[in-house]
Amino acid sequence: MKKVMVTGALGQIGSELVTRMREVYGSANIVATDIRKTEGDIVESGPYEIVDVTDASAMHTVAKKYEVDTIIHLAALLSATAEAKPLFAWNINMGGLVNALEVARELDCQFFTPSSIGAFGPATPKENTPQDTIQRPTTMYGVNKVSGELLCDYYHQKFGLDTRSVRFPGLISYVTPPGGGTTDYAVDIYYQALQKAKYTSYIAQGTYMDMMYMPDALNAIINLMEADPSRLIHRNAFNITAMSIEPGDVAVEIRKTIPEFELTYDVDPVRQAIAESWPNSIDPSAAEQEWGFKTEFDLAKMTKDMLAKLRVKLG
Ligand code: AKB
């Protein structure tokens, strides 16, 4: 049985991953950590500790206290926030990551941290982007993600650390909203569809990006962490995706449930530029071959589920 410490446990991925992993591995075995003092399910359903990821010794103390054998490091700023505060992003994203890697090395833990489609840039092939290809991002977030991938490779090669990662596409969920991402339109659009039957997209028509429904993302993390290490050739991060979509595609699916739904555009130049520097679609075949990556939700199935679950949530 694994004993896991999760950083950034109150974030978009963390809040659902902790709940899911507590079901799989037992509540006492999943130590949730975040910078905020809080209440609610994550704190009440298992161990919760306040940890600032820029404080390596605090991270080490908590990992040691619970004798964890796995670290899932999620605490990070997303692309649009990182672009607004690049130095802050460097300090949090890289400082936090190197601290988490060091704690994993000191305590000999298995290690996961997410990379992103943001690790690619304008010089990367845009369609069916290969696993191993040009990575010259033009955003601070992307610079952080490429550096993180290189660090994971380095810690694996130099210290034998069991590093694992995926390049997440935009993640869509009805539970915890994302904050400060470029792909967030694909979450907001469902809230606005139910509340106002209309949405103004800050991403332009025809801008394709990869996306994935959160249940598939959680399965991907758990399956990758359970995968036979001898099959893993890539220790930096695997391309994974469920769909390549643009805002109009989401609107078409939403109209199957809400026929009067209207989509308009008011493009945000900053987030649009970030989106245009990323691939249109990435190739997940290395993940499929090396650890059996697969998804259950396409756009149609996800949209039906999102609208049904959000309808209940919003009352
Ligand atoms: C973002 O938009 O910043 C994230 C990502 C694709 O990494 N959702």
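The values are calculated or read from the model by the stated rules, or taken from the named source; none is laboratory data. Not measured: the values here are computed from a predicted model. Cβ placement follows ideal geometry from the backbone for every residue including glycine, while neighbour counts extend to all protein chains displayed.
When you look at V31, is it in a helix (DSSP H, G or I), more than 28 Å from A273 (Cα to Cα) and modelled with pLDDT of 95 or more, yes or no?
no
If I filter the range 36-54 down to residues being among the β-branched types (V, I, T) and under 15 Å from N99 (Cα atoms), which single residue comes out as surrounded by the fewest Cβ atoms within 10 Å (Cβ to Cβ)?
So the residue we want is T54.
Can you spot a residue in the range 271-282 that is more than 30 Å from A193 (Cα to Cα), surrounded by fewer than 17 Cβ atoms within 10 Å (Cβ to Cβ) and among the aliphatic types (A, V, I, L, M)?
The answer is no; no qualifying residue exists.
Name the residue, out of F159, F111, that is among the hydrophobic types (A, V, I, L, M, F, W, C), more than 16 Å from the ligand (Cβ to nearest atom), touching a His at 6+ places or on another chain (Cβ under 9 Å) and farther than 19 Å from P86 by Cβ.
Matching residue, one of F159, F111: F111.
Applying the selection to the range 171-180, what residues are buried (at least 24 other Cβ atoms within 10 Å of the Cβ) and near the ligand (Cβ under 9 Å from one of its atoms)?
L171 - this is the single residue of the range 171-180 that is buried (at least 24 other Cβ atoms within 10 Å of the Cβ) and near the ligand (Cβ under 9 Å from one of its atoms).
For the range 221-244, give me each residue that is under 14 Å from the mean Cα position of the chain (by Cα), away from the ligand (no atom under 14 Å from the Cβ) and under 30 Å from Q272 (Cα atoms).
Of everything in the range 221-244, those that are under 14 Å from the mean Cα position of the chain (by Cα), away from the ligand (no atom under 14 Å from the Cβ) and under 30 Å from Q272 (Cα atoms) turn out to be I221, F238.
For every residue, the table says whether it meets (1) among the aliphatic types (A, V, I, L, M); (2) touching a strand residue (DSSP E or B) at 6+ places or on another chain (Cβ under 7 Å); (3) modelled with pLDDT under 95.
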position	(1), (2), (3)
T139	no, no, no
G142	no, no, no
L150	yes, no, no
H156	no, yes, no
F159	no, no, no
T163	no, yes, no
Y174	no, no, no
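From the list A58, A9, A76, A89, which one is buried (at least 23 other Cβ atoms within 10 Å of the Cβ) and outside any loop (DSSP other than H, G, I, E, B)?
Selected residue: A89, the only one of A58, A9, A76, A89 that is buried (at least 23 other Cβ atoms within 10 Å of the Cβ) and outside any loop (DSSP other than H, G, I, E, B).
Can you find even one residue in the range 231-242 that is out of contact with any Asp or Glu (no Cβ under 9 Å at 6 or more places or on another chain), surrounded by fewer than 21 Cβ atoms within 10 Å (Cβ to Cβ) and over 26 Å from P122 (Cβ atoms)?
no
List the pairs whose first member sits in the range 160-176 and is of a type in the set (S, T, Y), whose second member is within 12 Å of the ligand (Cβ to nearest atom) and assigned to a strand (DSSP E or B), and whose Cβ atoms are under 9 Å apart, counting only residues at least 6 apart or on separate chains?
Sorted first by the residue in the range 160-176, then by its partner, the pairs are S165/S115.
What are the pairs, 6+ residues apart or on separate chains, where a residue within the range 57-82 that is without any contact (Cβ under 8 Å) to a residue 60 or more places away in the chain has its Cβ under 6 Å from a residue that is of a type in the set (D, E, K, R) and more than 16 Å from the ligand (Cβ to nearest atom)?
V62/E49
Give the residue that is farthest from N128 (Cα to Cα), with candidates limited to residues of the range 286-302 that are under 19 Å from the mean Cα position of the chain (by Cα) and in a helix (DSSP H, G or I).
Among those that are under 19 Å from the mean Cα position of the chain (by Cα) and in a helix (DSSP H, G or I), it is M302.
Go through (1) of a type in the set (A, V, I, L, M); (2) within 16 Å of the ligand (Cβ to nearest atom); (3) closer than 26 Å to Q289 by Cβ one by one and return the number of the condition M94 breaks.
Evaluating M94 over (1) of a type in the set (A, V, I, L, M); (2) within 16 Å of the ligand (Cβ to nearest atom); (3) closer than 26 Å to Q289 by Cβ leaves (3) as the failure.
From the list I203, I258, I189, which residue is part of a loop (DSSP other than H, G, I, E, B) and buried (at least 23 other Cβ atoms within 10 Å of the Cβ)?
So the residue among I203, I258, I189 that is part of a loop (DSSP other than H, G, I, E, B) and buried (at least 23 other Cβ atoms within 10 Å of the Cβ) is I203.
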